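S.K.: Got a structure for you, questions after.
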Amino acid sequence: MSHPIDFHAPEGLLTRGTVLVVPGRGETPETYRRLGARLAFDAYRVRVVEPPGTLTSRQLADALPEERAAPVVLLGADAGAAALAALYAHDDAPAADALILAGLPAPAPRAAEAATWDDELGIRTACPTHRGRLSEDTGVRRGALAEPVPLALLAAAYAARPTVPTLLLSGERDPLADHTALAELAASLDRARLALVRGAHHDVLNDLQHRSVAAEAVGFLETLREDLVPRVAVQSSTW
């Protein structure tokens, strides 16, 4: 988990928390530069690490910035989300205050039918900016979505019962997701929220809806600071 990318709160603002981002299959820290900058703009300290082959709680502890503010939130995408969730199936759970799991693959792996790079991009995202960044990043491994996530890892991820607040994010048009299984997972947790992003594909953090998704993540981060009581409650609405 070397060569991370760091994002800091604007100068003069109190840092409101720390987010460690674990990418998914084929991705690099550069994949999350837009998300990192957006969360940092809202005064969160963000570190994006290289996607690990395996993941342990000790690796996560070592990867966290030495200077960090609470709450400490672990955010994983795709296989990174599965790896984070799976840690909570064991006694060696990470020392974190919350989880964000984005694009968690189905418990029974679904094939990414992508014969070409354009096909893989179609599974990942409809955002032209994200497509361009993935295509221009020489570190991105093309064809990675065709590599199955280990069954044992997925089984552990869906069997895990994190006791920390957990936000699950899934794209409505993600062909690699099982929305029924995700709903069942969310319902099995004491403090979980499942957000389905309309029209979004597998790379739910970086698709066309990335601004709304980042706002959902920031809202979750802010709610953590208030014992999960939202600061804003809609009293009435005509739309």
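The values are calculated or read from the model by the stated rules, or taken from the named source; none is laboratory data. For clarity, every value in this text was computed on a predicted model and none was experimentally measured. Please note: Cβ atoms are built from the backbone with ideal geometry, for glycine as well, and neighbour counts cover all protein chains shown. Only protein heavy atoms, including side chains, enter the accessible area calculation; ligands, DNA and RNA are left aside. Shrake-Rupley method; radii C 1.70, N 1.55, O 1.52, S 1.80 Å.
S.K.: Of all residues being touching a residue at least 60 places away in the same chain (Cβ under 8 Å) and open to solvent by 20 Å² or more (accessible area, probe 1.4 Å) in region 2-32, which is nearest to Ala70 (Cα to Cα)? Just the residue, please.
M.R.: Checking each candidate, the answer is Arg16.
S.K.: With respect to Glu50, determine if the residue is among the acidic types (Asp, Glu) and touching a residue at least 24 places away in the same chain (Cβ under 8 Å).
M.R.: yes
S.K.: Right, next: With respect to the numbered conditions (1) part of a loop (DSSP other than H, G, I, E, B); (2) polar (S, T, N, Q); (3) at pLDDT 95 or above, which one is the sole condition not fulfilled by Thr31?
M.R.: Tallying (1) part of a loop (DSSP other than H, G, I, E, B); (2) polar (S, T, N, Q); (3) at pLDDT 95 or above, Thr31 fails exactly one: (1).
S.K.: Among (1) open to solvent by less than 10 Å² (accessible area, probe 1.4 Å); (2) more than 22 Å from Thr138 (Cβ to Cβ), there is one condition Leu87 misses while meeting the rest; what is its number?
M.R.: Of (1) open to solvent by less than 10 Å² (accessible area, probe 1.4 Å); (2) more than 22 Å from Thr138 (Cβ to Cβ), only one is false for Leu87: (1).
S.K.: Taking Val197 and the conditions (1) closer than 25 Å to Pro162 by Cα; (2) touching a Leu at 6+ places or on another chain (Cβ under 8 Å); (3) in contact (Cβ under 8 Å) with a residue 60 or more places away in the chain, which numbered condition does it fall short on, given that it satisfies the others?
M.R.: Failed condition: (3).
S.K.: Can you tell me which of (1) over 19 Å from Ala81 (Cα atoms); (2) at pLDDT 95 or above; (3) open to solvent by 60 Å² or more (accessible area, probe 1.4 Å) is the one Arg68 doesn't meet?
M.R.: Only one criterion in (1) over 19 Å from Ala81 (Cα atoms); (2) at pLDDT 95 or above; (3) open to solvent by 60 Å² or more (accessible area, probe 1.4 Å) is unmet by Arg68, namely (2).
S.K.: Continuing with this model, one more query. Step by step: first the residues of region 98-141, then only those that are among the aliphatic types (A, V, I, L, M) and open to solvent by 10 Å² or more (accessible area, probe 1.4 Å), then the one that is farthest from Thr180 (Cα to Cα). Which residue is that?
M.R.: Of all residues in region 98-141, those among the aliphatic types (A, V, I, L, M) come to 98-102, 104, 106, 108, 111-112, 114-115, 121, 123, 126, 134, 140.
Next, from what is left, pick out any that are open to solvent by 10 Å² or more (accessible area, probe 1.4 Å): 108, 111-112, 114-115, 123, 126, 140.
On the way: Ala108: 12, Ala111: 18, Ala112: 19, Ala114: 24, Ala115: 27, Ile123: 19, Ala126: 23, Val140: 30 Å.
The selected residue is Val140.
S.K.: OK, next. What is the residue count in region 66-89 for residues that are part of a helix (DSSP H, G or I) and among the charged types (D, E, K, R)?
M.R.: To start, the set of residues in region 66-89 that are part of a helix (DSSP H, G or I) comprises 79-87.
Among the residues that remain, those that are also among the charged types (D, E, K, R) are: none.
So the count comes out to 0.
S.K.: I've got another one for you. How many residues are open to solvent by 20 Å² or more (accessible area, probe 1.4 Å) and closer than 27 Å to Thr129 by Cβ when one looks only at region 150-192?
M.R.: The total comes to 4.
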